[in-house]
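The values are calculated or read from the model by the stated rules, or taken from the named source; none is laboratory data. Small disclaimer: the values here were computed from a predicted structure and weren't measured. As a convention, Cβ positions derive from the backbone with ideal geometry for all residues, glycine included, and neighbour counts pool all protein chains shown.
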């Protein structure tokens, strides 16, 4: 899964911002295609638990398989 998000990072950055409007360009730069970092930033921005953030990331990645 991690390879999917890294491999398509430039293609999906806009989609991430559409899905999660609280993400900024700085957040996307910090995430750099790393799914764990994405989950952490979503957890921070939305107040989700680690498990909930991971679930959202996994569902998002699943849509790109």
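Quick notes on this structure:
- Selection from the stretch 3-33 of residues that are closer than 18 Å to residue 63 by Cβ, within 10 Å of the chain's Cα centre (by Cα) and assigned to a loop (DSSP other than H, G, I, E, B): 20, 23, 33
- For the stretch 39-65, the set of residues classified as surrounded by 15 or more Cβ atoms within 10 Å (Cβ to Cβ), modelled with pLDDT of 95 or more and in a helix (DSSP H, G or I) consists of 39, 40, 41, 42, 43, 45, 53, 54, 56, listed by residue number.
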